1. Determine the relative contact order of the range 28-106: mean sequence separation of Cα pairs under 8 Å and six or more apart, normalised by residue count, in whole percent.
2. Could you order peptides 73-86, 41-54 by the average number of other Cβ atoms within 10 Å of their residues, highest first?
3. Just the number: Rg to Rh for the range 28-106, Cα atoms, Kirkwood Rh, two decimals.
Amino acid sequence: MSGISGASGAQRREGSHEAQPTSPEASGPSDLGALFIMFANSALVSLGAVPEPGTNERRLDLDQARSAIDILVMLRDKTQGNRTAQESRLLEELVYDLQMRFVRAARGGSS
């Protein structure tokens, strides 16, 4: 999987104070996917795969990357049976991609 999309949407929402949908149907599934992407983006920054927002510098912090990946794995376990097929596919792809990147970074390879 090449890169993680959705970060720009999260960044747009941070600066915006527009009213958000209040119905569970409108906000439920996308919020879970956004949560997955938020932790995946954190892991990518910690793996040096993308520059850190604000500083535009790349850094390697394997402990922080491991924590973000572990949270995604925990969310996978805790939300089993309560995700849509699309959310499950997204989460599985994110976890696999991040675990492979982590192994490469821990071995000293490029992410």
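1. This gives 35 percent for the range 28-106.
2. So the peptides 73-86, 41-54, ranked by packing, come out 41-54, 73-86.
3. 0.99
Every number in this text was worked out from the coordinates using simple rules, so none of it is lab data. Computed from a predicted model, the values in this text were never measured in an experiment. Positions of Cβ are backbone-derived with ideal geometry, glycine not excepted, and every protein chain shown enters the neighbour counts.
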